[in-house]
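The values are calculated or read from the model by the stated rules, or taken from the named source; none is laboratory data. Being a predicted model, the structure only gives us computed values, none of them experimental. Neighbour counts are summed over all protein chains in view; Cβ atoms, including those assigned to glycine, are modelled from backbone coordinates with ideal geometry. These area figures cover heavy atoms from the full protein model, side chains too; ligands, DNA and RNA do not enter into them. Shrake-Rupley method; radii C 1.70, N 1.55, O 1.52, S 1.80 Å.
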Amino acid sequence: MFTVRKTFLGLLFAAFMIGCGSSSSDDGASENTDTFDRGALLTNMADNIVIPAFQDLSTKLSTLKSDKEVFIATPDQTNLDALRVSWLAAYKTWQHVEMFNIGKAEEILYYFQMNVYPVSTTDVEANIASGSYDLSHVNNNDAVGFPAVDYLLYGIGADDTAILGKYAEVNYKNYLSDVIDQMQLLTESVLNDWTSSYRETFVSQTGNTSTSALNKFINDFVFYYEKGLRANKIGIPAGNFSTAPLPEKVEGFYGKTFSRELALEALNAVQNLFKGKAYSSSNTGESFSSYLIDLGRGELVTLINSRLDNARQKLQALNADFNSQINTDNTKMTEAYDALQLAVVSLKVDMLQAFNISVDYVDADGD
């Protein structure tokens with residue numbers, strides 16, 4: 001009886017589908033016309049964006065390390081200025097790789113050892129005082145990386161004379177040296193994994209599963225935009241997630257003139273990745289935008305780029321020091337947040353739906 005009824009319902013369904021004719025063919029076409037070369041997208045991302053960005057970061061960190069060695073040998077104003085320049089150059093390049101939390105970076109919790117801010121000055125000073133520490137321990141995530149160097153180069157004294165005076169103490173020299181050395185070693189580990197083996201794994205995982213490189217990479221991109229850029233750089237210090245602004249939570253807090261520069265660099269990195277623009281040239285390849293166009297969603301590409309461009313204008317209107325901006329006119333910060341937020345909907349909802357990819361991370365702030 002079950003078999004007969006099942007067959008009858010099957011014939012009835014088939015007749016219904018035929019009767020629907022063109023009204024159902026549009027849906028069927030939208031589901032079955034995804035012939036985009038996802039492997040080409042991943043290849044472009046790996047070869048022209050991800051690996052070159054990590055290579056550049058490795059080079060910049062090598063320069064930072066060399067300048068650090070010179071400074072430690074002779075801690076004077078000239079060498080401090082040179083060290084600050086190489087730190088900022090590496091920090092700007094970091095903005096291009098922070099979103100790539102996949103492969104070895106995910107395995108070793110690379111991000112948490114490179115850019116957790118605000119830095120815990122209490123932990124930094126305790127480590128320096130003791131002279132004994134494990135920088136890789138989770139308890140030191142907020143005492144290492146770029147924010148720790150920011151503090152060590154700009155925040156340990158009231159002025160440069162006081163800062164240089166601190167480096168008469170060997171423990172300050174040792175801690176600065178160890179933090180920078182760790183940053184370079186971590187980066188080399190991630191880069192070597194990409195160039196030795198992970199690149200081949202990455203470009204081959206084109207399927208849409210929770211563990212495929214394509215799915216994870218796109219999710220990481222959206223997550224970084226929503227959390228790393230929109231929330232961490234703007235929303236949290238501006239007070240969008242708290243009862244009052246938290247200006248001490250800005251990126252580049254101690255340097256005082258780099259918050260806007262770092263945020264704009266991060267936004268450029270996001271938009272370049274979306275467009276498939278090579279890291280080291282103006283060439284473009286298969287990307288999220290070309291994928292959307294192939295799916296007939298060119299209007300979404302235009303909307304996303306327009307919203308990112310508008311957000312850039314809002315960021316450019318801010319003070320170079322976000323701490324100062326928040327304390328003098330926080331409305332401009334919240335306006336920048338609102339502009340960034342508009343693109344979250346386009347990326348997280350519209351783009352992921354077009355790709356038929358589900359969000360794989362927990363949304364903590366309801367967006």
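Taking ASN283 as meeting all but one of (1) open to solvent by less than 30 Å² (accessible area, probe 1.4 Å); (2) in contact with a strand residue (DSSP E or B) (Cβ under 8 Å, 6 or more places away or on another chain), write down the number of the exception.
(1)
Here is a check on your reading of the model: is LYS104 in contact with a Leu (Cβ under 7 Å, 6 or more places away or on another chain) and either of a type in the set (Phe, Trp, Tyr) or modelled with pLDDT of 95 or more (or both)?
no
Could you give me the residue pairs with C-beta distances under 6 Å whose first residue belongs to region 185-196 and is in contact (Cβ under 8 Å) with a residue 40 or more places away in the chain and closer than 11 Å to VAL50 by Cβ, whose second residue is among the aromatic types (Phe, Trp, Tyr) and buried (at least 18 other Cβ atoms within 10 Å of the Cβ) wherever it lies, and which are 6+ apart or on separate chains?
VAL190/TYR110; LEU191/PHE54
Pick out, from region 55-161, the helices (runs of 4 or more DSSP H) lying fully within it that include 2 or more residues that are out of contact with any strand residue (DSSP E or B) (no Cβ under 9 Å at 6 or more places or on another chain) and open to solvent by 60 Å² or more (accessible area, probe 1.4 Å).
77-94, 104-107, 121-130
Evaluate region 142-160: report whether one residue or more is free of Cβ contacts under 8 Å to residues at least 60 places away in the same chain, out of contact with any helix residue (DSSP H, G or I) (no Cβ under 6 Å at 6 or more places or on another chain) and under 19 Å from GLN77 (Cα atoms).
yes
Going through ASN215, ASN272, ASN232, ASN268 one at a time, which residue ends up being open to solvent by less than 30 Å² (accessible area, probe 1.4 Å), part of a helix (DSSP H, G or I) and not acidic (Asp, Glu)?
Matching residue, one of ASN215, ASN272, ASN232, ASN268: ASN215.
Take ASP34 and tell me if it is over 30 Å from ALA238 (Cβ atoms), under 31 Å from the mean Cα position of the chain (by Cα), modelled with pLDDT under 95 and surrounded by 14 or more Cβ atoms within 10 Å (Cβ to Cβ).
Criteria met by ASP34.
Do we find that GLY252 is outside any helix (DSSP H, G or I) and open to solvent by less than 10 Å² (accessible area, probe 1.4 Å) in this structure?
Yes: the conditions hold for GLY252.
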